[in-house]
Amino acid sequence: MLGTRLGELLQDTPEGVGEALGLVTGFDDALAHGFARLGEDRSAALAALAGALAATPLGGPVGEAVEKIRAGSVSDEHLVALAGGRAALFGAAHDALLDRLDTALGRSRPAWRPPAAEDGEVPGNLLGGCRVWLRELAITGWRGVDHDLVTASDQTLEALLSAPRLRGLAVLLDGLAAELRASCPVGTMERLPVRRWADLWTRGLLLSQAGAWDGGAEPVSGRLLILGTEVHEHSTVVRAQVHAILEPAGGAPPRLVRASVAAAKVDTITGPAVWRLLGGYPVLLGALAGHRTLEITDMPLLAGGDLVWQEERAVAGEPADPFATARILLGRASPAAVPPLDRHPVRISEPVLVEGYTTGGGAFDLGGAAIDVDVDRLPSCGPLTPEMVAASSSCLGLLRWDGGRWLLRPMAVLTTVKRKPVAAHNGDWALGPTDPKAAKAEARAGDGVAVLRERAGRLLRK
């Protein structure tokens, strides 16, 4: 029974996870204040990091880096070693948590296979430019960041964005620069997103080393059965991430996969209107709204389980109930290996079907095993509400590790509305609201997306 297995998952945190995360917190505090002015406590935090890694292959480089930085010498080589050590601690915590989760769910996850070396040369000067800027951030610390330091990245970022092979690094660093620019002067901020900025700094510094990180892609064909979707919405971007099961052509075992589509937005576009920004993906949106399968042909699949969505390679299929799909296939579907840079507790997000629970106090109780339910992040562009979740009898959701505990984030529920059974999914309104009240509200608000596009077109014509 899933309730019993979840009970084992929720009993306690794997040994060493808390200690590893504590070491990372100490490192992040030192980075926030800058390596140029390490005090006794922050110097000790770096030494503790080195001590924890002493018996690993990273022990020598990290230990040397800490000694040099404490002595006032900060080089790219030393910072890369520290970034690698930080990532290794997160990776160890991630692996312990994910192994506990896979065991509870009865899933067998393949090991990551190092990719072959990439063909062609990567512009070393661009990677070097990234490291220079990231080094200045580390020396200065977040509290010392000003507009001049942020602007120093502009030329490098412009060149990065024009290099297709470095687009991922470019977008990551461009996002970090944008956040820092919007926060300047950072020294006046009451509270800093220390963990987030340190995560971006670490990933950027490691990606600025030449080498293959993502494992490449393989073309896959078969039937895609959708389980549910997450909608991540910010003031300038919206992304729909679809979780699904792929039944490969030829009869291979089913696989858990994801597919994401995104679009730029403005903060005035909210609610169901955000789906219109994703109108360039009618096949995918139609499958979400109509609960249909998709037949895909030679769609690129990254080694980490992410489909590179290409509309022209997908065709809508027959109707399929996501709850029936989960009951029949979810227990047999093979999860993907986790790429090295994705080994971070916050990235754990595994689809599960939970049934037979009682609700109360913001949690699902499965015969004594209670798991907190994250209803604060239900998307406003779908029909799901906290009240529906509280009255539900079945839930398709994502198990996540957040804030030191396991959470269930709903993607769909079976519930009762006016004494009638109802299924509600995050993607039900992908082609427009089906609820009369929501449809009327959207009609009164007008088509803001069309208005903005018309104004943008008028400006471009001028």
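The values are calculated or read from the model by the stated rules, or taken from the named source; none is laboratory data. This is a predicted model, so every value here is computed, not measured. Every residue, glycine as well, gets a Cβ built from its backbone with ideal geometry; the counts of neighbours run over all protein chains shown.
Brief remarks follow.
- Qualifying residue in segment 196-204 (condition: part of a helix (DSSP H, G or I), assigned by TED's automatic domain parsing to the domain that holds residue 85 and surrounded by fewer than 18 Cβ atoms within 10 Å (Cβ to Cβ)): yes
- So residue 98, is it surrounded by 17 or more Cβ atoms within 10 Å (Cβ to Cβ) and touching a helix residue (DSSP H, G or I) at 6+ places or on another chain (Cβ under 8 Å): no
- Qualifying residue in segment 139-146 (condition: surrounded by fewer than 21 Cβ atoms within 10 Å (Cβ to Cβ), at pLDDT below 90 and of a type in the set (A, V, I, L, M, F, W, C)): no
- Residue within segment 32-48 that is surrounded by fewer than 21 Cβ atoms within 10 Å (Cβ to Cβ) and in contact with a strand residue (DSSP E or B) (Cβ under 6 Å, 6 or more places away or on another chain) present: no
- Residues that are surrounded by 11 or more Cβ atoms within 10 Å (Cβ to Cβ) and at pLDDT 90 or above within segment 108-125 comprise 109, 110, listed in sequence order.
- Those residues of segment 229-257 which are of a type in the set (A, V, I, L, M) and outside any loop (DSSP other than H, G, I, E, B), in sequence order: 231, 237, 238, 240, 242, 244, 245, 246, 256, 257
- Search result, residues across segment 339-391 that are among the aromatic types (Phe, Trp, Tyr) and either free of Cβ contacts under 8 Å to residues at least 24 places away in the same chain or not in a strand (DSSP E or B) (or both): 357
- Of all positions in segment 24-35, at least one carries a residue that is assigned by TED's automatic domain parsing to the domain that holds residue 193, small (Gly, Ala, Ser), without any contact (Cβ under 8 Å) to a residue 24 or more places away in the chain and part of a helix (DSSP H, G or I).
- Yes/no for residue 238 being in the same structural domain as residue 318 (by TED's automatic domain parsing) and crowded, with 20+ Cβ neighbours inside 10 Å: yes
- Any pair with Cβ under 6 angstrom, 6 or more apart, that starts in segment 179-195 at a residue that is more than 18 Å from residue 234 (Cβ to Cβ) and without any contact (Cβ under 8 Å) to a residue 60 or more places away in the chain and ends at one that is among the hydrophobic types (A, V, I, L, M, F, W, C) and surrounded by 13 or more Cβ atoms within 10 Å (Cβ to Cβ): 186/142; 186/145
- Lone qualifier among 389, 375, 417 - being outside the structural domain of residue 104 (by TED's automatic domain parsing) and in contact with a helix residue (DSSP H, G or I) (Cβ under 7 Å, 6 or more places away or on another chain): 375
- Qualifying residue in segment 360-367 (condition: over 18 Å from residue 289 (Cα atoms) and surrounded by 19 or more Cβ atoms within 10 Å (Cβ to Cβ)): yes
- Just one of the numbered conditions (1) part of a helix (DSSP H, G or I); (2) in contact (Cβ under 8 Å) with a residue 40 or more places away in the chain is not true of residue 269: (1).
- Selection of segment 332-344 for residues being out of contact with any strand residue (DSSP E or B) (no Cβ under 9 Å at 6 or more places or on another chain) and not basic (Lys, Arg) yields 337, 338, 340, 341, 342, 344.
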